[in-house]
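Novice: Submitted below is the structure of interest, expressed as structure tokens.
What follows is calculated from the coordinates using simple rules that are stated; it is not laboratory data. Only a predicted model underlies this, so the values are computations on that prediction, with no experimental measurement involved. All Cβ positions, even for glycine, are placed from backbone atoms using ideal geometry, and neighbour counts span all protein chains on display.
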Amino acid sequence: MTSSRQPAPQPQEALTAAVDWAITSRRSVRAFLPTPVPRDAIEAILAVASRAPSGTNTQPWKVHVLTGEAKARLTAEILAAHVDAAVAATHQDEWIYYPREWVSPYLERRRKIGFDLYGLLGIGKADKARMHQQFGRNYAFFDAPVGLIFVIDRVLQQGSFLDYGMFLQGVMVAARARGLDTCPQAAFMQFHRIIAGQLAIPATEMVVCGMSLGYADPSRVENSLHTDREPVDAFTTFHG
Ligand SMILES: Cc1cc2nc3c(=O)[nH]c(=O)nc-3n(C[C@H](O)[C@H](O)[C@H](O)COP(=O)(O)O)c2cc1C
């Protein structure tokens, strides 16, 4: 897709409201309707997201789009591994997403999202079996009709992960602009060997994360989760 340098849609207030809405209405949706997503919508979303900047225009993103049988096959093999603790233990994340040691304030924020999500679903703190089952819903892409798997060339470095994040945000925001919802998913990293096997991903590439894409099911309680954000003055220092 070429960069659009057409004049921005008018009026300015409507443009600001539309862009801000697409960004701020994004949230992680964890239950989807079976309504299919047209292929041209998926292609348009990826084309818009590919306008993300990247250091020296490296464009580190590579995307596998799964629907129908291909998605069901991946879900089945990963879920079979997820439910068997001994097998799951043989699958390890390939790159470190979360801190090795959880300290304040990240620890409290992490606990709150877990507590709030499982609370909505009526899953008690001690109910490890139901938590595990709910976590397993990741691998069904929360029933979304489209599953995305993002991979990166292993030769690329930390900076490319920064670029990749901008691309991922672009995918999620462009999806909102089309009435679609998403859930980015680090959960898939653990099962990169299964993913690589099914999608013929070469050894020179690794799985960055997955993402569910589809129409949110508004009737599902997990989709009523609203997460907090710190106010600007809590994370910003103005100088001068
Ligand atoms: C890279 C990335 C990976 C994530 N992995 C998962 C995941 O595996 N499963 C899940 O349910 N949510 C996952 N999330 C969603 C976060 O929990 C969520 O973004 C956060 O709690 C803020 O909520 P919001 O997205 O609704 O604003 C992930 C988010 C990001 C950015």
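Novice: Scan the range 77-130 for residues that are more than 16 Å from the ligand (Cβ to nearest atom), loosely packed, with under 12 Cβ neighbours inside 10 Å, among the aliphatic types (A, V, I, L, M) and closer than 30 Å to residue 197 by Cα and jot them down.
Specialist: 85, 86, 87, 89, 129
Novice: Of everything in the range 195-216, what is buried (at least 20 other Cβ atoms within 10 Å of the Cβ) and either part of a helix (DSSP H, G or I) or out of contact with any strand residue (DSSP E or B) (no Cβ under 6 Å at 6 or more places or on another chain) (or both)? Give them in sequence order.
Specialist: The answer is 195, and nothing else.
Novice: Test residue 38 against the criterion of being surrounded by fewer than 16 Cβ atoms within 10 Å (Cβ to Cβ), in contact with an Asp or Glu (Cβ under 8 Å, 6 or more places away or on another chain) and more than 24 Å from residue 154 (Cα to Cα), and give yes or no. Explain how you work it out, then say what you get.
Specialist: Numbers: surrounded by fewer than 16 Cβ atoms within 10 Å (Cβ to Cβ): yes; in contact with an Asp or Glu (Cβ under 8 Å, 6 or more places away or on another chain): no; more than 24 Å from residue 154 (Cα to Cα): yes.
So residue 38 fails the test.
Novice: Related question: If I filter the range 160-179 for residues that are buried (at least 23 other Cβ atoms within 10 Å of the Cβ), more than 26 Å from residue 15 (Cβ to Cβ) and in contact with a Ser or Thr (Cβ under 6 Å, 6 or more places away or on another chain), do I get at least one hit?
Specialist: No; the residues of the range 160-179 include none that is buried (at least 23 other Cβ atoms within 10 Å of the Cβ), more than 26 Å from residue 15 (Cβ to Cβ) and in contact with a Ser or Thr (Cβ under 6 Å, 6 or more places away or on another chain).
Novice: Evaluate the following for residue 173: is it hydrophobic (A, V, I, L, M, F, W, C) and either more than 30 Å from residue 132 (Cβ to Cβ) or out of contact with any Lys or Arg (no Cβ under 9 Å at 6 or more places or on another chain) (or both)?
Specialist: yes
Each row is one residue, and each column tells you yes or no for (1) within 16 Å of the ligand (Cβ to nearest atom); (2) within 24 Å of residue 216 (Cα to Cα); (3) in contact with a helix residue (DSSP H, G or I) (Cβ under 6 Å, 6 or more places away or on another chain).
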{"position": "33", "(1), (2), (3)": "no, yes, no"}
{"position": "37", "(1), (2), (3)": "no, yes, no"}
{"position": "56", "(1), (2), (3)": "no, no, no"}
{"position": "61", "(1), (2), (3)": "yes, no, yes"}
{"position": "72", "(1), (2), (3)": "no, yes, no"}
